[in-house]
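Some notes on the structure that comes next.
The values are calculated or read from the model by the stated rules, or taken from the named source; none is laboratory data. Note that the structure is predicted; figures quoted are calculated from it, not measured. We place every Cβ from the backbone using ideal geometry, glycine too, and count neighbours over all the protein chains shown.
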Amino acid sequence: MAYEAHLTRAELWVYDKEPITFEEVVALDLPDGFEAVENGTFSDGAVSINLGKCVVYTRPDGVKNFLIFGNGAPYFKMLSEEDATPFIKLAELLGAKVQGDEGEIYTRDGVQWE
């Protein structure tokens, strides 16, 4: 089952009053594997979903994960803690953190509970 994690500068992502924007991310020198896309689409072969502006991370094995922007803190799906690693690098460039739905912080050293 997938779990959502958020890029945020707020103490708790759900209260992020100034969320990270797509434009902020586009202005960065993105780490390897990341690409900013104006009109992203997720497709599993049977269903296609328009994601709008998003940042796509492509793992070395070709699997993609999407940082989705909308109302509030941008988020991505996690199947394991390993999925957070590239987004931690991106968050650091933004002066932000990766935070799970329950407030846990994902760092290079593992998960921390505040």
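Just a few scattered comments:
- With respect to the conditions (1) at pLDDT 95 or above; (2) in contact with a helix residue (DSSP H, G or I) (Cβ under 9 Å, 6 or more places away or on another chain), residue 32 falls short on a single one, namely (1).
Conditions tested, residue by residue: (1) crowded, with 20+ Cβ neighbours inside 10 Å; (2) assigned to a loop (DSSP other than H, G, I, E, B); (3) without any contact (Cβ under 8 Å) to a residue 40 or more places away in the chain; (4) of a type outside the set (Asp, Glu).
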{"position": "31", "(1), (2), (3), (4)": "no, yes, no, yes"}
{"position": "40", "(1), (2), (3), (4)": "yes, no, yes, yes"}
{"position": "45", "(1), (2), (3), (4)": "no, yes, yes, yes"}
{"position": "50", "(1), (2), (3), (4)": "no, no, yes, yes"}
{"position": "60", "(1), (2), (3), (4)": "no, yes, yes, yes"}
{"position": "82", "(1), (2), (3), (4)": "no, no, yes, no"}
{"position": "91", "(1), (2), (3), (4)": "yes, no, no, yes"}
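- Candidate set from the range 81-114 (those that are out of contact with any Phe, Trp or Tyr (no Cβ under 9 Å at 6 or more places or on another chain) and among the small types (Gly, Ala, Ser)); member that is farthest from residue 40 (Cα to Cα): 110
- Given (1) over 18 Å from residue 15 (Cα atoms); (2) crowded, with 18+ Cβ neighbours inside 10 Å, number of the condition residue 99 does not satisfy: (1)
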